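The structure appears right after this line, and notes come after that.
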Amino acid sequence: MIPKNTVDTILETARVEEVIGDFITLKKRGANLLGLCPFHGEKTPSFTVSPAKNIYKCFGCGKAGSPVNFIMDQLTLSYPEALKWLAKKYGIEVVEKELTIEEKEAQTERESMYIVMSFSQRYFSKQMNETDEGRSVGLGYFLQRQIPIGLIDKFGLGYSLENRRQFTDDAIQAGYKPKYLVSTGMCILSNAYVEGEEIKANHIFDRYAGRVMFPIHDVGGRVVGFGGRTLSNDKKVAKYINSPETDIYNKSKVLYGLWFAKSAIQKNDKCFLVEGYMDVIAMHQAGFENVVASSGTSLTVEQIKAIHRYTTNVVVLYDGDEAGQKASARAIPMLLEEGMNVRLLYFPNNDDPDSYYRKVTHDEFTEYVNSKTEDFLYYTAKKLNEDSSGDPIKKASVIKTIVSSIALIPDNIIRSIYVKECARIMEIDEPVLLAETNKIRVSAKKQAAKNTDSETVQPATEGNEVTYEEPMQDEPASVFEAEEKELLRLLLAYGNAYVTIEAEDENLEKFDLEITLGEYIFFELMRDSIKFENPIYSEIYEEYVNELSQQRLPNLTHFSNHPNPLISSFVVNHVHSNYELSSKWKLYGVLVPNEIQLLKKLTQSTLFSYKARKLNVLINESNELLKINSHDKVEIILKELTTLNTMKQRVNKLLGRVVIK
């Protein structure tokens, strides 16, 4: 458990723009910052960060909260884990209280998996540097590839010994449970294991043996997987073994090297995309740190979106061999469709970044990378035009290929520029090329609409997790929704402000009493035994009252940083004001009163309106009871109705309403 004073220090220190800036590129927009939302796919930025309020909000998907909430969502961490992550970022020491046995047992599966992966990285690094086999085979391989010790340490490279049980035995001896060694993919179940049994040490063995190890980090810097390269020349042995999909490692979303590249990508507004682990490391050797690779898989849309959060400019450096060209042909249309500006760089003699770097000098490599990149569409148009020279049929085919690529570009202006330039290169009328492009786009839209219409909503079944979200706007809200929401807004925004109310002493003599708005709302609701209907609103209110009972006045920051994302989201969406009155009114002599000047009046109006609605519900319920109850109970119900209607008239009078009926 993290002590409260440490939690307070973390919350006070963490700046939303700094935290989120580690994950997406933010650009200044007035007093706020704007970027592409990391929580849903979008090409136009709608993710807004407010440094002044230390909050964020996406106007596309509705995600909102504080720096802690962002880290919880982005890295799938619990509240304490997110606090530790922020503490590490800001160099704040966290001295936790000793956990009880129950608390230790309650640690999540995911936490245990991350711990196993962290241990594995340290273990493989230690084996490479401290064993004879590791130094001669593993470290020898990296040094032979001219990788300096500094980069070996930076990327956490290591070596797995030939013995197929070495890692397994050492991990179990160190206290790591076999079930987590299997769930992380570090170990494999043997034939001795019978499904349904508890996994034991003799049931498992190492997944990797005799391989150099490349740790794969997620965007938050945690080790989530490995790539293991064999050093054997046996062609029957797979060159690479990559971690399987696990609860903490989603191959389609993780990019190798992104953890090390984020800042450089933002700084240079450009990302180099390569194929392999060694290509990433070679680029770092050459001074290009803004480089990533897909982690042992073909490039995916999710990985492209991860790049898009930092830049729209991508340089593809795939191998020049047939496999590399196929991978390039598959990746580039996907990049274009996601709105990326794509450039190509092919190395001579089918080299890749790693092999070419070891053939030339450092300066020659740097010069080549900086000078030989070409815009993808221009490069393709020129190359295909040369290949089809003198053959009208081939040229028509080339034009269709070019047009298909141009049609993928979502930006109208960029697309029109490409149409103009490619028409010039291909020596064809621009209107013809434009018409063909539009034809393809219209056809694609129709197909997309058709696919959408044919999709059906899958019912929630076992294994499909259903999470609570705030009600959509078209869902029927509670009859008390507006008043409850407004009371909470006033409570959280101004609860510690003082208001003067009229009170009575024991002799029924009236006098002015100064109390906080929070206490005023609490006393009014308690006096009439009123409780919130909305469960989330009720939870917020109960926590506020609990803080009051502890002689504390919770401020807005307390709820903005709440571990429950529904609560923090409510605060950001409904309490933090998104609009400010324009100062121009003063130029016309119009004085607009500040909300805090009307605080008492606003609160009373909301309270009376809330009570009026509550009375209406009780009156309706009593009227219904009259229809179904026996004669002997009618008199009691009528008496209650009279009391309720009298109370309703008083409340409406206070509200300034005229009740006709």
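The values are calculated or read from the model by the stated rules, or taken from the named source; none is laboratory data. Just so it is clear, the structure is predicted and the values come from calculations on it, not from any experiment. So basically every Cβ, Gly included, is an ideal-geometry build from the backbone, and we count neighbours across all protein chains shown. Protein only, heavy atoms only, side chains kept; ligands, DNA and RNA dropped before computing areas. Shrake-Rupley method; radii C 1.70, N 1.55, O 1.52, S 1.80 Å.
If you go through the range 208-253 and keep only what is under 20 Å from Asp153 (Cα atoms), within 18 Å of the chain's Cα centre (by Cα), not charged (D, E, K, R) and not in a strand (DSSP E or B), you end up with Val219, Gly220, Gly221. Within the range 48-61, which residues are among the hydrophobic types (A, V, I, L, M, F, W, C), touching a residue at least 24 places away in the same chain (Cβ under 8 Å) and open to solvent by less than 20 Å² (accessible area, probe 1.4 Å)? Selection gives Val49, Ile55.
Mind counting the residues in the range 269-296 that are open to solvent by 40 Å² or more (accessible area, probe 1.4 Å), out of contact with any Phe, Trp or Tyr (no Cβ under 6 Å at 6 or more places or on another chain) and touching a residue at least 40 places away in the same chain (Cβ under 8 Å)?
Pass one, the range 269-296, residues open to solvent by 40 Å² or more (accessible area, probe 1.4 Å): 269-270, 275, 287, 289, 296.
Right, trim to out of contact with any Phe, Trp or Tyr (no Cβ under 6 Å at 6 or more places or on another chain) and you get 269-270, 287, 289, 296.
Restricting the remaining residues to those that are touching a residue at least 40 places away in the same chain (Cβ under 8 Å) gives 269-270, 287, 296.
Looking only at that region, the number is 4.
Each row is one residue, and each column tells you yes or no for (1) surrounded by fewer than 15 Cβ atoms within 10 Å (Cβ to Cβ); (2) outside any helix (DSSP H, G or I); (3) among the acidic types (Asp, Glu); (4) without any contact (Cβ under 8 Å) to a residue 24 or more places away in the chain.
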| site | (1), (2), (3), (4) |
| --- | --- |
| Ile332 | no, no, no, no |
| Gly339 | no, yes, no, no |
| Asp354 | no, no, yes, no |
| Phe365 | no, no, no, no |
| Tyr368 | no, no, no, yes |
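In the range 541-552, is there at least one residue being within 24 Å of Val19 (Cβ to Cβ) and either modelled with pLDDT under 80 or part of a helix (DSSP H, G or I) (or both)?
no
Residue pairs whose Cβ atoms lie under 7 Å apart, separated by 6 or more positions or on different chains, with the first residue in the range 117-143 and open to solvent by less than 60 Å² (accessible area, probe 1.4 Å) and the second assigned to a helix (DSSP H, G or I) and of a type in the set (Gly, Ala, Ser), are Phe119/Ala171; Gln127/Gly134; Met128/Gly134; Met128/Gly138.
Quick check on my filter: what residues within the range 405-436 are among the β-branched types (Val, Ile, Thr), open to solvent by less than 70 Å² (accessible area, probe 1.4 Å) and modelled with pLDDT of 85 or more?
Matches in the range 405-436: Ile406, Ile409, Ile414, Val419.
Scanning the range 297-324 for residues that are charged (D, E, K, R) and open to solvent by less than 40 Å² (accessible area, probe 1.4 Å) yields a single hit, Asp319.
So which residues in the range 178-207 are polar (S, T, N, Q) and assigned to a helix (DSSP H, G or I), if there are any at all? Don't jump to the end; show me each part of the working.
Filtering the range 178-207 for residues polar (S, T, N, Q) gives 183-184, 190-191, 202.
Across the range 178-207, the qualifying residues are Ser183, Asn202.
Candidates are the residues of the range 124-177 that are of a type in the set (Gly, Ala, Ser) and assigned to a strand (DSSP E or B); the one that is nearest to the chain's Cα centre (by Cα) is Gly158. Taking the criterion of being closer than 30 Å to Tyr357 by Cβ and of a type outside the set (Phe, Trp, Tyr), would at least one residue in the range 164-186 satisfy it? No, there is no match, as no residue in the range 164-186 is closer than 30 Å to Tyr357 by Cβ and of a type outside the set (Phe, Trp, Tyr). Every listed requirement among (1) touching an Asp or Glu at 6+ places or on another chain (Cβ under 8 Å); (2) open to solvent by less than 20 Å² (accessible area, probe 1.4 Å); (3) part of a helix (DSSP H, G or I) is met by Ala327 save one, (2).
May I ask you to list the residues in the range 296-324 that are polar (S, T, N, Q), within 21 Å of the chain's Cα centre (by Cα) and not in a helix (DSSP H, G or I)? Lay out the reasoning, then the answer.
Quick first cut of the range 296-324, residues polar (S, T, N, Q) only: 297-298, 300, 303, 311-313.
With the extra rule that they be within 21 Å of the chain's Cα centre (by Cα), the set shrinks to 300, 303, 311-312.
Selection gives Thr300, Thr311, Thr312.
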